[in-house]
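For reference, the structure discussed in these notes is given below.
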Amino acid sequence: MDSDSGTAAPAADLQALIDNVERAIYGKREAVVLAVVGLLAEGHVLIEDVPGTGKTTLARALARSLDIEFKRIQFTSDLLPADVLGVSVYGTRTGEFSFRPGPIFANVVLADELNRTTPRTQSALLECMTEGEVSVEGDTRDLPRPFFVIATQNPVEFEGTYPLPESQLDRFLLRVRMGYPRRDDERRILSGRGAAPPVDALIPVFTREQTLDAIRRTQAVRMDPAIIEYVLDLVGATRRSARFLLGASTRAALGLRRAAQALALIEGRDYCVPDDVKRLAVAALAHRVVPAPVDGTDESDPEELVRRVLEETRIPS
């Protein structure tokens, strides 16, 4: 057991949070854990898969389980940056302009179908996700804390989508794949549908104060120098290997470290172990690398390539 006697209580609360989310989305515990990891690491999470696999349900279920402000933005091709960030409005009575905040000014923001909007509107999120602030009309305004973007995306081969550029993808701490549910879980979904979706019945089980405390404890989780070297070995391997046209960035290495700290806290520890890094490496790195073309094509699977790097990299004892 860890040396911090206060770690067990947050871990129990975090497990209760995960269990609450699972009341609305069945058989996807790993995806739920990854979403909570992103929240605690003060990163952002991209949920990517084909339509109808529960991406939006997961995001909504997590937001409803947290007693903090939540806003949803449905991204479309005609959405403008001002619709996300906010705009100054002229008051006829006061004769002055006043800023009207956009939906980005919330603790948890669901960016639904982010790749259905234009690159111009996508870029409006860059400063928000990196700096935790918004610059509008010459003024910079801080976003509330915690600030967590959980975005959904359909595969780019579907019509009416705009692929997220590498600079945008690099802002996401983790990319989560949902996948189709197992038959037993899908049976539960079909059998349990009543008048209202299960997500609407969820109640908050985690307060803002608990969230901020868990974030603080995440930052204090210890990582042995040998495990830091392990992270550097993994990231360095993506840069040296001929399998990759573009390797993982320094932001990716920092993100993998923060994510491993958050996972350790969820597991009830105040220190990281190599398995924390191994468990998160694909979700933290695969969307940040570009595979080298193979046989004149670019169809290499980045997740499979990162798994090969994991197999080939020595694990610290």
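The values are calculated or read from the model by the stated rules, or taken from the named source; none is laboratory data. Keep in mind that what you see is a predicted model, and the values were worked out from it rather than measured. Glycine also receives a Cβ, built like all others from the backbone with ideal geometry; neighbour counts cover every protein chain displayed.
Working carefully through the options L66, L85, L125, L114, find the one that is in contact with a Gly (Cβ under 9 Å, 6 or more places away or on another chain) and closer than 30 Å to A286 by Cβ.
The conditions single out L85.
Does region 52-67 hold any residues that are touching a Leu at 6+ places or on another chain (Cβ under 9 Å) and of a type in the set (S, T, Y), and which are they?
T56, S65, listed by residue number.
Residues being more than 19 Å from R145 (Cα to Cα) and part of a helix (DSSP H, G or I): count how many of those fall in region 61-103.
Residues meeting the conditions: 4.
Could you tell me which of the residues A264, A195 is touching a helix residue (DSSP H, G or I) at 6+ places or on another chain (Cβ under 6 Å) and either at pLDDT below 95 or assigned to a helix (DSSP H, G or I) (or both)?
Result: A264 is the single residue among A264, A195 that is touching a helix residue (DSSP H, G or I) at 6+ places or on another chain (Cβ under 6 Å) and either at pLDDT below 95 or assigned to a helix (DSSP H, G or I) (or both).
Could you say whether any residue in region 236-251 is under 20 Å from A292 (Cα atoms), buried (at least 22 other Cβ atoms within 10 Å of the Cβ) and either among the small types (G, A, S) or touching a strand residue (DSSP E or B) at 6+ places or on another chain (Cβ under 6 Å) (or both)?
Yes, the conditions are met somewhere in region 236-251.
Please enumerate the residues belonging to region 41-62 that are touching a residue at least 40 places away in the same chain (Cβ under 8 Å) and more than 26 Å from R251 (Cα to Cα).
V50, P51, T53, G54, T56, T57, R60, A61
Here is a list of conditions, (1) of a type outside the set (D, E, K, R); (2) touching a strand residue (DSSP E or B) at 6+ places or on another chain (Cβ under 7 Å); (3) touching a residue at least 60 places away in the same chain (Cβ under 8 Å); (4) surrounded by fewer than 21 Cβ atoms within 10 Å (Cβ to Cβ), and F70 meets all of them except one; can you say which number that is?
(3)
Being touching a strand residue (DSSP E or B) at 6+ places or on another chain (Cβ under 9 Å) and buried (at least 24 other Cβ atoms within 10 Å of the Cβ) is the filter here, so list the residues in region 36-48 that pass it.
V37, G38, L39, A41, V45, L46, I47
Determine whether region 130-140 contains at least one residue that is closer than 30 Å to Q261 by Cβ, in contact (Cβ under 8 Å) with a residue 40 or more places away in the chain and buried (at least 19 other Cβ atoms within 10 Å of the Cβ).
Yes; the residues of region 130-140 include at least one that is closer than 30 Å to Q261 by Cβ, in contact (Cβ under 8 Å) with a residue 40 or more places away in the chain and buried (at least 19 other Cβ atoms within 10 Å of the Cβ).
So is A262 of a type in the set (A, V, I, L, M), within 18 Å of L174 (Cβ to Cβ) and buried (at least 23 other Cβ atoms within 10 Å of the Cβ) or not?
Considered against the rule, which asks whether it is of a type in the set (A, V, I, L, M), within 18 Å of L174 (Cβ to Cβ) and buried (at least 23 other Cβ atoms within 10 Å of the Cβ), A262 comes out as yes.
Being aliphatic (A, V, I, L, M) and either at pLDDT 90 or above or over 18 Å from the mean Cα position of the chain (by Cα) (or both) is the filter here; which residues of region 36-57 pass it?
Once the filter is applied, which keeps residues that are aliphatic (A, V, I, L, M) and either at pLDDT 90 or above or over 18 Å from the mean Cα position of the chain (by Cα) (or both), region 36-57 yields V36, V37, L39, L40, A41, V45, L46, I47.
Does region 140-161 include one or more residues that are closer than 27 Å to L66 by Cβ, in the same structural domain as R100 (by TED's automatic domain parsing) and among the hydroxyl-bearing types (S, T, Y)?
Yes, region 140-161 contains a residue that is closer than 27 Å to L66 by Cβ, in the same structural domain as R100 (by TED's automatic domain parsing) and among the hydroxyl-bearing types (S, T, Y).
Can you find a residue that is charged (D, E, K, R) and closer than 22 Å to V33 by Cα anywhere in region 230-242?
no
For region 133-149, name all the residues that are aliphatic (A, V, I, L, M) and at pLDDT below 90.
Residue satisfying the conditions is V136 alone.
Give me a count of the residues in region 104-122 that are part of a loop (DSSP other than H, G, I, E, B) and either farther than 18 Å from N154 by Cα or of a type in the set (F, W, Y) (or both).
Going through region 104-122 one residue at a time, the tally reaches 4.
Got a number for residues in region 23-35 being surrounded by 18 or more Cβ atoms within 10 Å (Cβ to Cβ) and at pLDDT 90 or above?
Summing the residues that are surrounded by 18 or more Cβ atoms within 10 Å (Cβ to Cβ) and at pLDDT 90 or above in region 23-35 gives 5.
Take the residues of region 202-217 that are assigned to a helix (DSSP H, G or I) and not β-branched (V, I, T): which is surrounded by the most Cβ atoms within 10 Å (Cβ to Cβ)?
The qualifying residue surrounded by the most Cβ atoms within 10 Å (Cβ to Cβ) is A214.
Please verify whether G160 is loosely packed, with under 14 Cβ neighbours inside 10 Å, part of a loop (DSSP other than H, G, I, E, B), at positive phi and not basic (K, R), treating the condition exactly as stated.
Yes; evaluated as a whole, the condition is true for this residue.
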